[in-house]
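A quick write-up on the structure given underneath.
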Amino acid sequence: MAGSISRGFIDDLLARTDVVEVISSCIDVKKKGQNYWACCPFHNEKSPSFSINSSKQFYHCFGCGESGDALKFLQEYERLSFVEAIEALAKMAGVEVPKVIDPVQEEKQKKRTQLTDLMDDVSEYYYQNLLDHPKKNQAVTYLKNRGLSGQIAKMFQIGFAPDGWQNLIDKFAKKDEILHQLLAAGMIVEKESDPKSNKASRVYDRFRSRIMFPIRNNRGKTIAFGGRVLTDEKPKYLNSPETPIFSKGQELYGLYEIKKYSKNVERIIVVEGYMDVVALFQAGVGYAVATLGTATSVTHIQTLFKQVDEIVFCFDGDEAGKKAAHRAFEQCLNEVKDGRQIKFLFLPEGEDPDSMVRKIGKDAFEEQVKQSKTLSDYMIEYLQTQVDVNSEAGRAKLVELAKPYMISLPDGIFKQLLGKRFSTLVGVELQFGAFEPTVVKTFERATKPKITPKPKASDKTEQPIAQEMVNDIPSDYGQSYDQPDYDEEDNFLAPDDYWEEPADQNWVESIPTPSANKRIPIKLSRSDKVVALLIRAPFLSTDYIFDSRLLILPDFQLVAQVIGALKKLPKSDYFQAYQFLKEQNLSDRIHDITHSEYFWLPRKSDNFKELILDELENILSALIDGLPNEAFDQLKRRVLARDPSLSEEEKQQYKQMLLQKK
């Protein structure tokens, strides 16, 4: 029965679920003070930094940043979908999962089920053809010559589509309803009538004289096929089209088989073809998948990281393989988190995984996989081929080339370590912040005494759980931290100097206050307003993660420069933000912004931080809402200029945007 799970049920389920009980059923935890502690299950560590707050029903790792509730933990730890995690929690609580029936969705689900059931029948039909069809010998001989056994063929349900235009139609389409389902599933093709020749429309089988590879979803239902030709017909490989049950940008061939047949998989190899996947399984390397006639997508990568923490892309060493590797590399950047590994294995020209594993054997091939090139090595080597690192100009260009890639990487230890490698290469210490790489240097600060007033108890406001737990980080964490320190009551100590907003300043006392009649009556852009908020609240430069897509907006460059500059300013010197920015000579626009009516709008001090964050979110949301038009304009310019670097996915994206415009 199709339907959706009501929000009320999910809330009730979480209310009756104990996050400590859920997590302790998976890993060992120990109570220290008010919280429970464990070594984080999402990254390798020796000392416990994974905290579970039973009163807030929340967990947070101070090492890798993972956080969430019981539902999120099950999704990440057990690698379950949202619905599967809900069902698991409900089972623990001993309750049924009620579903809200939506007639429209129910009808869609009914049709999808009919299609997958039919596709399972078609898959069985092809498999039986491989066993007993009169013309099976050519297909069987081909598979034997590729070193495949009957057992592997059965595992992957490999089949045979014989020659002929009407095989599927004659076998299944006894009723018009089934004929329409075969059309919807992409298994038969309809050729429209030709008025000029008076020829009526006709339908015929899409796959003929081909070895058939069924593509199965995570539940094992057949959703599409790939076919390898046995004759000289082109194309050599033919895939099912996009259908209501199949999207090639989301599915991976072989993933279902890994989950069903392979245990304790530490990594997954991404290869280019069906035969590569099957041949590796045949050789005992049962952890390979293939994309389905398309480049690796972000969805593919996210799907794989739900299964393992290491992905190895295996490509031919020719030019096409290098281009495919670089496209995969670019798609990976946003998904690189501490504890995850992405590697690249380039095979000798003329070799593919199938031929390579047969030539050198399983053990040698797996050793090559383990020793494959890391993402950081790949990035640095790729960029170094474009510059002369022995010259100052070349090293400067290297930093510029690295910038967009470093921006795309999430903040974390990996990004910091990679930044240090670039610093070593260019001979200058760099910090790659949210937007711009900046040279670390000492500078003369204003001599105004630091103002660090203690906040009043009444000024404290309720903070989000994640931030509340962040406040518990020891001031020396990451330097010499082994075990949490505890006070006499065994509670985790928060650092004394953790930032609290002074009730009477809002960080602007160092700015010369213009009288009302001297304030500049100018209209600020949304980006200008972001700059104003950054100066009013410099903590945003480090505590808030800005969406890197905004960099395509020309007037957002000043925001990036201000963030890069403020990152160099210690929190204890935030009151000097305006003076410091003035010394950086970033832009005369800053003077106009800080003398505008908007900058000096009164903001209540007792909830200053919340007001600033809400204001910032509203501005950025409006900017992001306008990005599709910017993206469309950029793509349009590249299409009209016949940019050779345009990928097929970008061309399709442009066509879709163009249709939406119309």
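Data for the structure
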{"item": "Shape of the range 104-249, Cα gyration tensor, a/c cut at 1.5", "result": "oblate"}
{"item": "Rg/Rh (Cα only; Kirkwood hydrodynamic radius) as it applies to the range 298-441", "result": "1.01"}
{"item": "Hz values of 3J(HN,Hα) by residue in the range 16-21 - Karplus curve (6.51, -1.76, 1.60), Gly and Pro given as x", "result": "9, 9, 9, 4, 5, 5"}
{"item": "Highest-first arrangement of 148-161, 174-187, 271-284, where packing means the average Cβ count within 10 Å", "result": "271-284, 148-161, 174-187"}
{"item": "For the range 419-426, 3J(HN,Hα) per residue [Karplus equation, 6.51 cos²θ - 1.76 cosθ + 1.60, θ = phi - 60°, Hz, x = Gly/Pro]", "result": "x, 5, 5, 5, 4, 5, 5, 8"}
{"item": "Between the range 120-168 and the range 371-395, the Cα center-to-center distance that results, in Å", "result": "47 Å"}
{"item": "Inter-site label distance for E21 and E107 at 7 Å from Cα along Cβ, in nm", "result": "4.3 nm"}
{"item": "Residue-count net charge about S376 - beta-carbon cut-off 12 Å; Lys, Arg +1, Asp, Glu -1", "result": "+3"}
{"item": "Per residue accessible area of the range 77-142, 1.4 Å probe, in Å²", "result": "62 Å²"}
{"item": "Amide hydrogen neighbours beyond the local backbone of V312, cut-off 5 Å, H modeled", "result": "I268, I269, V270, K343"}
{"item": "Net lengthening on full extension, V428/D309 (0.36 nm per residue, minus Cα-Cα)", "result": "39.6 nm"}
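The values are calculated or read from the model by the stated rules, or taken from the named source; none is laboratory data. Note that the structure is predicted; figures quoted are calculated from it, not measured. Positions of Cβ are backbone-derived with ideal geometry, glycine not excepted, and every protein chain shown enters the neighbour counts. The accessibility values were calculated without ligands, DNA or RNA, using every heavy atom of the protein model including side chains. Shrake-Rupley method; radii C 1.70, N 1.55, O 1.52, S 1.80 Å.
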